[in-house]
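Before any comments, here is the structure.
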Amino acid sequence: MSRSATSQLSPGAAEMRLRAVAALANDPTSAISRALDAMRLLLGMDMAYVTDTRGGHCGVVAVSGDAESFGARIGMRVELAGTYCGELRAGRIDGLITDARRDLRVNHLEATQRARIGAYIARPIKLWDGTVFGSLACVSHGACPRLDERDVQFVALIARLVGGQLEQQHLAEQHERTRMTTELVRTLMAALAARDGYTSDHSYGVVNLALAVGRRLELSTEALLELEQVALLHDVGKIGMPDGILQKPGPLTHDEWNVMHTHPTIGADLVGKMDGVAHLAPAIRAEHERWDGAGYPHGLASEAIPTSSRIVFVCDALHAMTSDRPYRTAMSYTAAIAELQRNSGTQFCPAVVDAAPRTIESMHPGDFLRT
């Protein structure tokens, strides 16, 4: 693409761009707003903005300049199809439109007429894992024939910085959510331990086993974190059980078991009201669902049961069978595994049952298991 004499970067303009990039890199707390301001001013455009194009929509997450005249505002979401950011994501435009009204690639788009777009320059924003978050763009109402590939490269550099800042914000938010979740889990476990020490100890034993099985099944880091939390809280609903049932030294009656069977729902309702752990509620509610659909409380079957629930169900049963209780002695590990295998495909998920013995054999014996 040719470059007109008027669009050549002067030494002063080049220095301004370098300073803008350096400021963005060194000031992560305001990187995105500074990026938009710098782009808009240095390119001489009317508006700069960041979009989120994940999930089939184009959402505006940050703007600089005269957004109102383009009908844009932070938080707005429109269908991706027919938008400039949608065309960029699909590869139908290359991110440089110097005269939108004469460009056959975009002059038919509703956005061109509705927002009175004359020029557009943009690059995709990619996160560190390579996924496309959205786009970083500048637009003007008038045509901008001076724009060329050097300007596109400048926008691409800023887009990389913005992508890095978005990733940092995501990680910081994720860390804070994890911290809050951990504190809530600890509080709930302390409350459970105050009611019933065995249930609390049992939950920690199930965690060790469930995580080992989850790693054997090659769960992602995020899935392992959820699995750990579900394993810890799978019995939290027993906080709502009457003392006469929770602390009974002998076997429960039929009616008492009916009451005990409400603990997954009680636990899910309790957890579901707490922002930091509410996302765990469905898996906690489903922890006693059977592979064949004969479990409780909703009769879910096979793949409809959350993965963490399936794993915890098997590990819960294995730990319970190999633990001493006042009304019975613990089973041996061999007998407990045989019981799991006998119920594989009916009560328990076959893949989890297959993984359990191989997992235990590779672990150091712990106090959660009787050998």
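The values are calculated or read from the model by the stated rules, or taken from the named source; none is laboratory data. As the structure is a computational prediction, the values presented were derived from the model and not from experiment. Heads up, the Cβs are rebuilt from the backbone with ideal geometry, glycines too, and the neighbour counts pull from every protein chain shown.
Give me the pairs, please: first residue somewhere in segment 117-133 and surrounded by fewer than 24 Cβ atoms within 10 Å (Cβ to Cβ), second residue anywhere and acidic (Asp, Glu), beta-carbon distance under 9 Å, and either six or more positions apart or on two chains.
So the pair list comes out as Gly118/Asp46; Gly118/Asp99; Leu127/Glu167; Trp128/Glu167; Asp129/Glu167; Phe133/Asp52; Phe133/Glu167.
So which of Pro350, Pro297 ends up being in contact with a strand residue (DSSP E or B) (Cβ under 6 Å, 6 or more places away or on another chain) and either at pLDDT below 95 or assigned by TED's automatic domain parsing to the domain that holds Val236 (or both)?
On inspection, the qualifying residue turns out to be Pro350.
Give me the residue from segment 27-74 that is out of contact with any helix residue (DSSP H, G or I) (no Cβ under 8 Å at 6 or more places or on another chain) and of a type in the set (Lys, Arg) and, out of that set, surrounded by the fewest Cβ atoms within 10 Å (Cβ to Cβ).
The selected residue is Arg73.
Does any residue of segment 99-116 turn out to be touching a helix residue (DSSP H, G or I) at 6+ places or on another chain (Cβ under 6 Å) and not hydrophobic (A, V, I, L, M, F, W, C)?
no
Might you check whether a residue that is farther than 25 Å from Ala143 by Cβ, of a type in the set (Asp, Glu) and modelled with pLDDT under 85 occurs anywhere in segment 20-42?
For segment 20-42, residues farther than 25 Å from Ala143 by Cβ, of a type in the set (Asp, Glu) and modelled with pLDDT under 85: present.
How many residues does segment 311-334 hold that are in a helix (DSSP H, G or I) and surrounded by 14 or more Cβ atoms within 10 Å (Cβ to Cβ)?
Residues flagged as in a helix (DSSP H, G or I) and surrounded by 14 or more Cβ atoms within 10 Å (Cβ to Cβ) within segment 311-334 amount to 12.
Need pairs with beta-carbon distance below 6 Å; first residue farther than 20 Å from Glu68 by Cβ and within segment 41-55, second β-branched (Val, Ile, Thr); sequence gap 6+ or separate chains.
Asp52/Val61
For segment 197-310, please list each of the helices (runs of 4 or more DSSP H) lying entirely inside it that holds at least 2 residues being under 21 Å from the mean Cα position of the chain (by Cα) and touching a residue at least 12 places away in the same chain (Cβ under 8 Å).
Fully inside segment 197-310 and qualifying: 197-216, 221-233, 263-272, 281-285.
Are there any pairs, at least 6 apart or on different chains, whose C-beta atoms fall under 8 Å, with the first in segment 64-91 and in contact (Cβ under 8 Å) with a residue 24 or more places away in the chain and in a loop (DSSP other than H, G, I, E, B) and the second among the acidic types (Asp, Glu) and surrounded by fewer than 17 Cβ atoms within 10 Å (Cβ to Cβ), and if so, which?
The qualifying pairs are Gly82/Glu110.
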